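The values are calculated or read from the model by the stated rules, or taken from the named source; none is laboratory data. Values in this document were obtained by computation on a predicted structure and should not be read as measured data. Glycine gets a Cβ as well: all are built from the backbone with ideal geometry, and neighbour counts include every protein chain shown. When the accessible area is computed, the model is the full protein with side chains, heavy atoms only, and any ligands, DNA or RNA have been set aside. Shrake-Rupley method; radii C 1.70, N 1.55, O 1.52, S 1.80 Å.
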Amino acid sequence: MARPIRLDTVCKEYHTAGTTHVAVDDLSLEIPEGSFTTIVGPSGCGKTTTLRMIAGLETPTSGTIHFGDRDVTEVRPQDRNAAMVFQSIALYPHMTVRENIAYGLKVAGVPKAERDAAVDEAAETLQITEQLDKMPAELSGGQQQRVALGSAFVQDPDVLLLDEPMSDLDAKLKAELRVEVQRLHKEMDATMVYVTHDQTEAMTMSDHVLLLEEGRLAQFAPPGDLFDRPVSQYVAEFIGTPSTNTLPATVEAADDGPTIVGEQFEIPAPEDRFADRIGDSVTVGIRPQYLSPDEGDHRIRVIVNVVEQLGTEFVVHGTSVNGAHVNVVDESVDGAGPDDELSVGFEAADAFVFDEHGETICHGDALVAARSASPSQ
Amino acid sequence: MLGLGKGPAGKYVSQRTQERVRRVSVILTALLVAIFVSIPVYVMIAIAFQPATTTFRGGTVNLLFDSFTFENFVLLFTDTGTPRYLFNSLIVTASSTLLATALSVAAGYGLTRFEFRGKTMAARAVLFAYMFSPIVLAIPLYVIFFTLGLLDSYFALTLALTGISAPFGIWLMWQYFQTVPIALEESAWIRGASRTRTLWEVVLPVARPGTIATAIFSFSVAWNDFTMARVVMSQDEMYPITVGASLFLDRVTIGWSETMAAAVLMSLPPFAIALFLQNYLLQGFNVGGLE
């Protein structure tokens, strides 16, 4: 039975040699029942610690964790009916693949015949039937990870936790296993929490993404929202490849209201959010995918440094006139080469505006609303 | 200046020659060690399996086999306390090996997996204890066992021998458990296995090479011990074979041939163990950083 996971003001501190390190800081959120949630963030942001607290391998310093109505904050990992797949895979080297997958059932006292049936079913789903009588050391990395997934699968857990299970695999296997994991999620009645530092995995696999920044919640939302409506510059820059371009600008008072003025562009801004920000410096964020040589009302000039071809697209790494790093992703860059000057444009609708603390002031839609409200522009 | 150490590998001496030199020196060293070790063993065997009259014929020691006999062994078993000595050795060695291994596994696991006050101190104390020569411990132990009235007992000798072998065993297991990934245990806990069950079904099987190396070490300490047995035991029927055999020569009827036969008997168990368990031994000590 899948259960929702609720974290309530969870903190985790580590004390080493007199210093206190806060790994997870005041984290509150509810992971919906049966959903696939990915915890993502850079190294050391507390994502694995959060997962280990959900698993029961770490106890929060303060705050509570609930599975459904049950308070599991102090419950031993043995009694949570969770399953976990580890980054190091953690297969028992002295047991065959079959014994490895069935170990949880054996501990639970399931009779051998039932165990074997469950293992066979899992092996079939994961295409490892041929490997059942081998030892883990004889398997390739991808097969080992399938076995680890199989062990989790046969246990029918309420909560399935995966700790960077693919970080040691090559790109092709990752793509294969990504599909496998999603299929397992469909077949299993479990709330899945998946930790990764790879935002592609996070964006492609999950219903919800939890982005952490130094132990604090940066944003918890469906992947599309993270991409289109980031709550801060940190979120905008972390999600999406290449990273969101950030262009320095200031808010100035024009005849028809506040205007965001950058080195080469002027964007009319909504009165309600910018009226009291006249004179403030802000940052305009624009995704490389929304910059185009041919289109866009607001144009910036970019000195090209490097052009990479990615199949049908080109990625241009360049520098704007005032020295900011600017990336452009487009299908055609008109044969631009290093040191060429490229003029690219964007629509106000695709931009984000951040204040000097990196918090989002408004997204593109609000900027467009401002324009339509002032037809004189 | 020759500028040695500069330039690409093989600049001064070709890599092929280097490889050849390396191999020849390894073989030479091995040969030298083998000769040093096998000559005494050969002498022991030659004397043990020939009648004393043949060995010492003509006033010299005749080490080339020209006759073969078990008479020295027969004499050992009929005329001396050898069976009793062997039995004593067996009892004391078995119990000390068991105790030292159990202690090492428990302490090594604790040192690896638990944080407690004074952990580093404890670990250092263990290693420090290993530095003592047995004879340094012998007198204080004698006093302790005398006070407790435990002299001349298997129990006392077992404790004394464990005291010598356990520090190294603990240190070895401590190193070994550090190579067992904690994720193996955590994955078992999450699957519902208790800490104890995990220890038996996951940790110990994975740590088997280390455990066997520890057991072999404690075995060899106990089996080969002379000092502690000499101090703790004072009655002839409590002597282990090491002490017992050393006293043969005091008797008129027992000569070198019988003594060497006893030496052969003493060598058999370690030899068998080395033969059958050498893989485990190497794996275990490798992790301990010894090769």
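Summary of computed values
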{"quantity": "Test: residue in segment B:80-92 that is more than 27 Å from B:VAL203 (Cα to Cα) and part of a loop (DSSP other than H, G, I, E, B)", "calculated": "yes"}
{"quantity": "Every pair of residues 6+ apart whose Cβ atoms lie under 8 Å, when the first sits in segment A:263-277 and is among the acidic types (Asp, Glu) while the second is open to solvent by 50 Å² or more (accessible area, probe 1.4 Å) and not in a helix (DSSP H, G or I)", "calculated": "A:GLU263/A:PRO248; A:GLU263/A:VAL321; A:GLU263/A:ASN322"}
{"quantity": "Some residue of segment A:62-71 being within 13 Å of another protein chain (Cβ to nearest Cβ) and hydrophobic (A, V, I, L, M, F, W, C)", "calculated": "no"}
{"quantity": "Test: residue in segment A:214-226 that is open to solvent by 20 Å² or more (accessible area, probe 1.4 Å), without any contact (Cβ under 8 Å) to a residue 12 or more places away in the chain and within 30 Å of A:VAL284 (Cα to Cα)", "calculated": "yes"}
{"quantity": "Odd one out for B:ASP250, checked against (1) surrounded by 20 or more Cβ atoms within 10 Å (Cβ to Cβ); (2) at pLDDT below 90; (3) assigned to a loop (DSSP other than H, G, I, E, B)", "calculated": "(1)"}
{"quantity": "Looking only at segment A:76-89, and only at residues there that are open to solvent by 40 Å² or more (accessible area, probe 1.4 Å) and touching a helix residue (DSSP H, G or I) at 6+ places or on another chain (Cβ under 9 Å), the one that is nearest to the other protein chains (Cβ to nearest Cβ)", "calculated": "A:SER88"}
{"quantity": "Segment A:299-318, subset open to solvent by 10 Å² or more (accessible area, probe 1.4 Å) and in contact (Cβ under 8 Å) with a residue 24 or more places away in the chain, residue nearest to A:TYR234 (Cα to Cα)", "calculated": "A:HIS317"}
{"quantity": "Filtered residues of segment A:243-262 (kept if touching a helix residue (DSSP H, G or I) at 6+ places or on another chain (Cβ under 8 Å), in contact (Cβ under 8 Å) with a residue 24 or more places away in the chain and not aliphatic (A, V, I, L, M))", "calculated": "A:SER243, A:THR244, A:ASN245, A:THR246, A:GLY257"}
{"quantity": "B:ILE212, sole failed condition from (1) within 16 Å of B:ALA160 (Cβ to Cβ); (2) open to solvent by 20 Å² or more (accessible area, probe 1.4 Å); (3) among the β-branched types (Val, Ile, Thr)", "calculated": "(1)"}
{"quantity": "Which numbered condition B:ARG195 misses (of (1) surrounded by 20 or more Cβ atoms within 10 Å (Cβ to Cβ); (2) of a type in the set (D, E, K, R); (3) free of Cβ contacts under 8 Å to residues at least 40 places away in the same chain)", "calculated": "(1)"}
{"quantity": "Some residue of segment A:296-316 being within 20 Å of A:PRO230 (Cβ to Cβ) and at pLDDT 85 or above", "calculated": "yes"}
{"quantity": "Filter result for B:SER187 (open to solvent by less than 10 Å² (accessible area, probe 1.4 Å) and in contact with a strand residue (DSSP E or B) (Cβ under 8 Å, 6 or more places away or on another chain))", "calculated": "yes"}
{"quantity": "Positions within segment B:191-208 being within 11 Å of chain A (Cβ to nearest Cβ) and farther than 20 Å from A:MET84 by Cβ, in sequence order", "calculated": "B:LEU204, B:PRO205, B:ALA207, B:ARG208"}
{"quantity": "Residue list for segment B:175-190, filter: assigned to a helix (DSSP H, G or I), within 29 Å of A:ASP79 (Cα to Cα) and either without any contact (Cβ under 8 Å) to a residue 12 or more places away in the chain or more than 14 Å from every other protein chain (Cβ to nearest Cβ) (or both)", "calculated": "B:PHE177, B:ALA183, B:GLU186, B:SER187, B:TRP189, B:ILE190"}
{"quantity": "Sole residue being closer than 20 Å to B:LEU199 by Cβ, in a helix (DSSP H, G or I) and open to solvent by 50 Å² or more (accessible area, probe 1.4 Å), chosen from B:LEU127, B:LEU99, B:LEU172", "calculated": "B:LEU99"}
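Condition check ((1) in contact with a strand residue (DSSP E or B) (Cβ under 8 Å, 6 or more places away or on another chain); (2) outside the structural domain of A:ASP198 (by TED's automatic domain parsing); (3) open to solvent by 10 Å² or more (accessible area, probe 1.4 Å)) across all residues:
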{"residue": "A:PRO32", "(1), (2), (3)": "yes, no, yes"}
{"residue": "A:THR38", "(1), (2), (3)": "yes, no, no"}
{"residue": "A:SER43", "(1), (2), (3)": "no, no, yes"}
{"residue": "A:THR61", "(1), (2), (3)": "yes, no, yes"}
{"residue": "A:GLU74", "(1), (2), (3)": "no, no, yes"}
{"residue": "A:LEU91", "(1), (2), (3)": "no, no, yes"}
{"residue": "A:ASN100", "(1), (2), (3)": "no, no, no"}
